[in-house]
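The structure appears below as C-alpha cells.
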Amino acid sequence: MKTPVPALALNTGLLAGALACLFIPTEATATERHFTYTYGSAVLNRGDVEVEPWTTLRVERSGFYARFDQRLEVEVGLAERLQSSWYLNLTAINQEIEGARASKFEFAGVSSEWKYKLADPVADPFGAALYGELTAGPSESELEAKLILDKHLGALVAAFNLTAEHEWIYESAETEREFVLELDGGLACFLSPALTAGLEIRSHSDWESAEGWGMQHSALFAGPALSYAQPAWWAALTILPQIAAIEGATDGGLVLDGHERVEARLIFGVHLQ
Amino acid sequence: MMGRKLTRTILASLTVPAILHLAACASGLAQPQAGDALRAAERWPGVTLEQLAEGRSLYVARCAGCHNLHLPERYTPEKWLDLVPAMAVKARLSPGEVETIERYLYATSARVRDEK
C-alpha cells in the first residue's frame, strides 16, 4: 500500500534541492541546451559552427499514432550577439486510419533561424534574446517569433519562452491558416559540472482559419529534462507527457486528436570549430 | 471546471517567470570600482576604471560564446592569469583583448574575495 507524500514535505524537499543548486560549482559550455523545447539566450561566437541532429518522438492519439520528426541543424555565429541556423526537416508517421495502419514519410521543408542576444543570463539581471524562424515546405510553411528569457544563478538554470507562430497548411484544396501560441519553461540544476536535471513545461494552443479562428486545441505538457555536456559535444533529452487539456479534450481530459499523449525530444550538439 | 483548468495553466506558466524574477534580484557579474583600478594599476601601471569596464564588456561578449560566464570571485586573481590565455585561441582573442579581460577579472576577483 502506498503512503501518500505530504505536500509540505515534497515542497520542502524541492526548495532544499533548489537552494543546494545555488552552491554547486558549474563548468559548462554556453551553447549547450539544458532543455529541448525551451531555448536559452546564448549564441555562438562569430565564426563558430555547431551541428545539431534533433529527434522528436510523438506517440498515441485517440488511435495508434507514432511520429518521428527529424531535424538536422547547422548553427553559425555570424557576429557578436547574432547567430543563424539552417535546418533540414523530415517526418515519418505511422497511424491508424479507419481500422488500418498507414505510414508516410515526407520531406517537411527547410528552416532558417535567426537569434539575437540582448542580455546575458549571468552578467545581467536576465538573459534575453529575440528569435525568428521561417520554414518552407511542400505541405506547410511557418513563420515563428520567440522571446527568450533565462537566468543562471549558481547551479540553477531557469528559462522561459513566449512563442507565436503563423502556419500556412497546403493539405486541402484551399490553403488553411493556423495561429499557434506556445509558452515553454524550464528549471534545471547542475548535479555535476557536466550533468543537469530538471523539469520542463510546455503549453501549446492553436486557432484555425477553417474554424473561424476559434481555439481548436490547447494542451499542457510537463516532464523531466536531462542534459550532459563535454567541451566538444552535448546532449539534451526531455520527455513530456500531456498532463491536461485546456481546450478540445477528447479522451480522459487530454487532447488526443491534435496532440499526442507523450512527446520526447533528444538533441545532440557537436562543435565543429 | 474550464475556468479552474485555465487558472492552473496560467499559474503553471507564471512559475518560471516568477523564478526568473527572484533570480534577477540576486547579484550578477561585479561592476569594476575605483579601488579595483588602483589594485590593477599595481600590476598594470596606468590602468583606468574605464579600461576595467571595457574588460567586463569584452568578457561578457566573447567568453559567453564558449561557456557560461564564471563570476570573477570563483578563481583567485593569479588563477585568472592562467585561465584567460589558455582559452584565448578558442575565443579568438588578440593579446590585447586577453590583457583587457585579465585586468578586469584580476582586480574584481581580488576585491570580491576580500569582501567575503
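The values are calculated or read from the model by the stated rules, or taken from the named source; none is laboratory data. Everything quoted here is computed from the prediction, not taken from an experiment. Counting neighbours? That spans all protein chains shown, and the Cβs are built from the backbone with ideal geometry, glycine included. Areas reflect the complete protein model, heavy atoms only, side chains present, ligands, DNA and RNA absent. Shrake-Rupley method; radii C 1.70, N 1.55, O 1.52, S 1.80 Å.
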query: Got a number for carbon plus sulfur as a percent of the protein assembly as shown's accessible area, 1.4 Å probe?
result: 63
query: Using the reciprocal of the averaged 1/r over all distinct C-alpha pairs, how large is the Kirkwood radius of chain A in Å?
result: 19.9
message: I'd like the FRET efficiency for A:A210 and B:K90, computed as 1/(1 + (r/R0)^6) with the beta carbon distance as r and R0 of 45 Å, rounded to 0.05.
response: 0.30
query: Projected onto the charge dipole of chain A (+1 at Lys/Arg Cβ, -1 at Asp/Glu Cβ, origin at the Cα centre), which of A:V43, A:W207, A:A219 gives the Cα projection farthest towards the positive end?
result: A:V43
- prompt: Chains B and A: what accessible area do they bury, summed, in square angstrom to the nearest 100, with a 1.4 Å probe?
  reply: 2900
task: Could you list the residues of the range A:165-184 with an amide nitrogen less than 20 Å from a label point located 7 Å from the Cα of A:I93 in the Cα-to-C-beta direction?
output: A:165-181
message: Ignoring chymotrypsin sites (Phe, Trp or Tyr not before Pro) that are buried or in helix or strand per DSSP, and keeping those with at most 15 other beta carbon atoms within 10 Å, what is the longest stretch of chain A between them?
response: A:65-169
- prompt: Hey, what D do you get for the range A:59-174 in µm²/s if you plug the Kirkwood alpha-carbon radius into Stokes-Einstein at 37 °C and 0.692 mPa s?
  reply: 196
message: Only four residue types carry charge here, +1 at the Cβ of Lys and Arg and -1 at the Cβ of Asp and Glu. Report the dipole size of the range A:5-271 about the Cα centre in Debye, rounded to the nearest 20.
response: 920
- prompt: Measuring with a 1.4 Å probe in the full set of protein chains, what accessible area per residue, in whole Å², belongs to the range A:5-271?
  reply: 43
